[in-house]
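The values are calculated or read from the model by the stated rules, or taken from the named source; none is laboratory data. Note that the coordinates shown come from a computational prediction; the quantities given were computed from them, not determined experimentally. We place every Cβ from the backbone using ideal geometry, glycine too, and count neighbours over all the protein chains shown.
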Amino acid sequence: MPQFTPLGGAQPLGHFFPAELQQKMSDDLHLTGKAERTRKGYIRAVRQLSDFAQKSPIDVTEQDARRFFLYLKNDLGFAYGSLRVALSGVKFFSTYACKRDWAIFEMLKLQNITVLPEVLTIDQVHAIVHATTTLRMRAYSWTVYSLGLRMNEALHLQVGDIDAARGLVHVHRGNGAKDRCVPIANSTLLLLRKYWTTHCHPRLFFPADGRNHTLARQGISRVQNPMSETAVQGAMKRITTKMNLAKKVTIHTVRASRCDQRQPDRGCQRRNGDVSNSPQRQSDGNQGGSWRNVRRKLRAARAADELHEDPSLWLDECEQQDLGR
């Protein structure tokens with residue numbers, strides 16, 4: 001997303017968005033059941049509007065909002081997804097916090113653009129993981145790829161989520177606040193176990209590094225939070241910039257590549273257990289057959305994972321290289 005800078009620029013960002021008004025909007029978002037990322041995006045949109053207009057959101061006029069959206073679209077070149085978040089945030093504020101019925105809300109039409117994701121080959125994914133400079137990023141990036149997890153799903157992966165006996169990982173509150181189970185290959189399981197012994201956190205697989213990089217220097221990590229999204233995104237950007245790949249690569253690209261390589265003719269959600277791979281009874285009148293299909297798909301996915309991985313490549317290299325935590 002382009003960097004937002006108010007036209008006036010005289011006051012610091014957020015100066016015109018009072019704390020009590022911001023708290024009221026946050027409470028309204030909580031009451032309506034919005035997810036954390038949605039809440040942050042909506043509040044940021046209203047803050048940007050107030051910074052742009054150099055006045056409180058309550059005093060913003062429809063003409064101010066019109067100029068604001070033109071500024072985002074034409075001057076900053078916001079993508080349609082970012083514009084949709086900004087529009088929804090301002091619309092939410094005008095519906096609950098300060099009731100207004102503006103024509104701009106109906107006038108602004110945003111196209112639904114479907115963009116094909118960048119896809120990496122298996123060799124490119126291996127090269128990216130090998131280019132990591134810390135053991136935690138190596139373990140994290142391979143976990144994202146091997147299990148097909150989203151960035152936050154992998155960051156919040158917990159020790160109790162892995163059922164080693166069944167070869168499954170329980171993903172909590174994924175996309176759409178839905179739980180699902182995904183298969184885990186033995187090599188990935190061994191890699192996670194090996195990395196966990198470097199910090200022995202009682203709950204998290206990928207805890208934050210700690211102040212001054214003190215992760216587990218006293219034996220057991222006691223931090224409360226997982227690694228930050230910023231740390232993961234920054235590390236991936238440094239790696240891909242150094243490799244000079246001829247495509248834009250993020251941590252989501254690694255996940256999307258796994259989806260494409262597993263079953264290229266089906267949707268990413270369905271391949272990674274978001275829909276049909278979840279061990280839940282189907283409402284098709286043939287519950288027994290549905291359970292058999294679930295087991296068959298899980299076995300096939302585990303077999304595909306094993307074919308894509310070389311356990312000795314990861315475990316031996318972790319032993320041989322003295323990677324920082």
Please determine, by comparing only the residues of region 34-71 that are among the aliphatic types (A, V, I, L, M) and over 17 Å from Gly14 (Cα atoms), which one is farthest from the chain's Cα centre (by Cα). Leu70
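Yes or no, residue by residue, for (1) surrounded by fewer than 16 Cβ atoms within 10 Å (Cβ to Cβ); (2) in a strand (DSSP E or B); (3) modelled with pLDDT under 85:
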| position | (1), (2), (3) |
| --- | --- |
| Arg166 | yes, no, no |
| Gly174 | no, no, yes |
| Ala177 | yes, no, yes |
| Cys181 | no, yes, no |
| Ser187 | no, no, no |
| Arg193 | yes, no, no |
| His199 | no, no, no |
| Arg211 | yes, no, yes |
Region 103-148: number of residues that are of a type outside the set (A, V, I, L, M) and outside any loop (DSSP other than H, G, I, E, B): 15
For region 113-161, what are the residues that are within 30 Å of Arg66 (Cβ to Cβ) and touching a residue at least 12 places away in the same chain (Cβ under 8 Å)? Ile113
If you go through region 18-52 one residue at a time, how many are under 20 Å from Trp102 (Cα atoms) and in contact with a Lys or Arg (Cβ under 8 Å, 6 or more places away or on another chain)? 2
Before we move on, is Tyr96 under 15 Å from Thr250 (Cα atoms) and touching a residue at least 60 places away in the same chain (Cβ under 8 Å)? no
Taking Lys91 and the conditions (1) in contact with a strand residue (DSSP E or B) (Cβ under 7 Å, 6 or more places away or on another chain); (2) more than 30 Å from Leu192 (Cα to Cα), which numbered condition does it fall short on, given that it satisfies the others? (1)
Whichever residue in region 76-85 is touching a Leu at 6+ places or on another chain (Cβ under 6 Å) and outside any loop (DSSP other than H, G, I, E, B) and, among such residues, is farthest from Pro18 (Cα to Cα): Tyr80
